[in-house]
Amino acid sequence: MTSPAAVSFVDVALDQLAETTGKIAVFVPENGQLGLSAKRINRLTRGAIKRFAESDMFAKMSDGDAREMHMPTGLVADSVIVVRLPRRPSVDLARKAGVSIAKLRGAASVVVTAGSIGRAEEIAMGVVLRGYSFDDHKTNDSTDLGAVTVMVAKPADVEAKAMPLLAIADGVFFTRDLVTEPANILTTTEFANRLVEMEKIGLKVKVLEEPELEKLGMGSLLCVGQGSDSPSKVAIMEWNGGGDEAPFALVGKGVVFDTGGISLKPAAGMEDMTMDMGGAGVVAGTMRALALRKAKANVVGLVGLVENMPSGNATRPGDVVTSMKGDTIEVINTDAEGRLVLADVLWYAQETYKPVGMINLATLTGAIIIGLGHENAGVFSNDDKLCGQFLKAADAEGEGAWRMPLAKAYDDLLKSNVADMKNIGGRAAGSITAGQFLQRFVQGDQPWIHLDIAGVASVKAETAYAPKGATGWGVMSLNRLIADNYEA
Ligand code: BES
Ligand code: MN
Ligand code: ZN
């Protein structure tokens with residue numbers, strides 16, 4: 001497991017700066033006015049910071065950007081990272097500054113001289129989030145991240161603000177690890193085991209095995225994993241930090257590998273389908289964050305864990321299966337499997353918990369990548385209030401989210417000749433017909449959001465808070481949604 005870097009908050013100690021090893025980060029505002037720490041570094045380096053602040057290079061930087069001065073005279077440190085930042089940065093800017101520091105520090109330890117700079121806890125959050133590297137399977141090449149020490153005026157106050165943020169970062173890393181882990185290691189059983197491990201941090205975890213899923217009538221979910229040697233499972237994580245109110249439910253698609261089944265995917269790029277459990281990964285990471293920061297809310301996370309493989313026993317195109325709800329489904333394309341998994345888990349969640357709100361997450365359609373690229377997840381909802389709450393939370397966290405439509409005309413495209421519905425619409429509006437399919441398993445006026453995260457769960461270029469690869473998109477937004485609207 002990848003652990004976030006250790007962060008400590010300490011009093012400003014100007015006299016230690018000359019002897020500090022590793023790297024030192026200092027902040028300079030646009031007007032070049034140096035604070036106490038920057039002044040001290042400037043004096044020790046015989047004016048280097050001032051020269052930099054007056055340079056063209058500095059003038060061309062944006063707020064939150066940083067540059068590195070290597071092997072500075074007068075310091076033991078290997079480099080000084082100069083960050084351009086106003087003294088009272090926004091959350092966005094503070095995190096951006098932290099990300100800039102993380103990129104330049106590499107694995108070295110760093111002392112961040114934040115003094116009286118505002119939102120030092122968010123700067124630390126940026127450093128931690130960007131400092132992710134998955135090297136569990138690199139035998140000779142593992143990154144040992146150096147410590148992050150933040151010098152601030154009131155370390156105890158800043159630390160108190162940082163604690164919940166670092167819990168969230170831990171959840172984000174948990175999600176990124178799950179998304180990155182290859183499918184021969186992260187089998188359905190291994191995934192469930194990692195969730196059961198979280199009982200140690202106070203979650204109640206239950207795993208439903210195939211015989212129970214059959215008894216429940218989850219023919220839709222079960223038909224997806226039918227061709228795989230890995231058993232299908234539904235894992236349930238409960239966090240009961242609130243009173244006796246009904247919980248909020250988070251539901252995730254956990255296809256540990258998606259070959260497409262008998263409707264086999266092309267070979268090129270198929271390895272990317274190790275991330276097809278991304279929805280379940282975000283649910284797990286969010287539950288972890290809520291537990292670690294002891295959220296005062298009731299939240300239940302449910303994930304459908306299956307593997308979509310072709311075999312002599314696999315579901316065929318044309319097969320008709322019966323969902324837990326009782327509706328029958330004609331499986332036209334075995335590669336439209338995520339919705340088959342979610343249908344039964346959504347139904348189970350509502351029957352069992354009568355949740356106040358329900359959000360499902362899934363790497364559901366390639367079409368959402370065509371529509372929104374890698375900048376925004378697709379947001380589909382039957383409830384303007386819940387949807388508004390989510391979009392606001394996502395905006396505050398800098399995680400892209402864009403609302404998409406639902407309407408009867410799209411639902412009509414799911415009509416089947418032999419069953420209650422078929423599992424695909426057609427080429428047109430592929431992400432919306434997938435959403436319509438899910439909505440058939442949402443009861444009456446149950447407030448619900450479907451998040452299609454196929455474009456944002458894992459990205460081949462670096463993103464705002466993550467190096468290339470798994471992003472953990474959604475953990476921060478969902479955590480904030482709960483914190484802002486469902487916590488006592
Ligand atoms: N897991 C895929 C969607 C996906 C594609 C996720 C690319 C991440 C990146 C999903 O199960 C799938 O195969 N969807 C099909 C649906 C189609 C058969 C209607 C798709 O998008 O092509
Ligand atoms: Mn598929
Ligand atoms: Zn899939």
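What the table below lists for this structure:
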item: Among 381-390, 248-257, the order from most to least packed when residues are scored by Cβ within 10 Å on average; result: 248-257, 381-390
item: Geometric extent, Cα atoms of region 1-56 - Rg, Dmax (angstrom); result: 13.9, 44
item: Under 20 Å from Lys296, Cα to Cα: lysines that are on another chain or at least 8 residues apart; result: Lys161, Lys200, Lys204, Lys354
item: Distance from region 445-463 to region 56-113 (C-alpha centre basis), Å; result: 31
item: Rounded, prolate or oblate (a/c below 1.5 giving rounded, otherwise prolate when a/b exceeds b/c) for region 346-488 by Cα gyration tensor; result: oblate
item: Enclosed volume per residue, in Å³, of the convex hull spanned by Cα atoms of region 152-211; result: 98
item: Shape call, region 28-137: gyration tensor on alpha carbons, a/c limit 1.5; result: oblate
item: Acute angle (nearest 10 degrees) that the helix 91-105 long axis makes with the longest principal axis of the chain, alpha-carbon atoms; result: 70
item: Separation of alpha-carbon centers, region 425-444 and region 230-254, rounded to whole Å; result: 23
item: Three-way shape label, region 108-179, alpha-carbon gyration tensor, a/c 1.5; result: oblate
item: Ranked by how many other beta carbons lie within 10 Å on average, peptides 223-236, 416-429 from highest; result: 223-236, 416-429
item: Net charge, Ser323 excluded, C-beta distance under 14 Å - Lys, Arg +1, Asp, Glu -1; result: -4
item: HN-Hα J in Hz across region 329-338 - Karplus 6.51, -1.76, 1.60, θ = phi - 60°, x for Gly and Pro; result: 10, 8, 7, 6, 10, 6, 7, 9, 8, x
item: Cross-link partners of Lys415 among lysines (Cα-Cα below 18 Å; sequence separation of 8 or more within a chain); result: Lys325
item: Residue-averaged 222 nm ellipticity for the chain, from DSSP H runs of 4+ at -39500 (n - 2.57), nearest 500; result: -10500 deg cm²/dmol
item: 5 angstrom amide H check on Val12, placed H, neighbours 5+ away; result: Val152
item: Rounded tilt (10° steps) of 475-485 against the dominant C-alpha axis of the chain; result: 90
item: Neighbourhood charge, 15 Å Cβ-Cβ cut-off, centred on Thr45 and excluding it, Lys, Arg +1 and Asp, Glu -1; result: +4
item: Rounded accessible area per residue of the chain, 1.4 Å, Å²; result: 40
item: Positive minus negative residues near Ala156 (Lys, Arg vs Asp, Glu; Cβ under 13 Å); result: -2
item: Peptides 52-59, 97-104 ordered by average Cβ neighbours within 10 Å, highest first; result: 97-104, 52-59
item: DSSP beta bridges in the chain [antiparallel fraction, %, rounded to 5]; result: 40
item: Of all DSSP beta bridges in region 336-488, antiparallel share, percent nearest 5; result: 45
item: Degrees between helix 384-397 axis and first principal axis of the chain (Cα, 0 to 90, nearest 10); result: 30
item: Within the accessible area of the chain (1.4 Å probe), percent carbon and sulfur; result: 51
item: Estimated D of the chain in µm² per second, where Rh is the Kirkwood radius over Cα pairs and Stokes-Einstein applies at 4 °C, 1.567 mPa s; result: 55
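The values are calculated or read from the model by the stated rules, or taken from the named source; none is laboratory data. In this text the structure is predicted, and so the values were computed from the model without any measurement. Glycine gets a Cβ as well: all are built from the backbone with ideal geometry, and neighbour counts include every protein chain shown. Heads up: the accessible areas ignore ligands, DNA and RNA and are worked out on the full protein's heavy atoms, side chains in. Shrake-Rupley method; radii C 1.70, N 1.55, O 1.52, S 1.80 Å.
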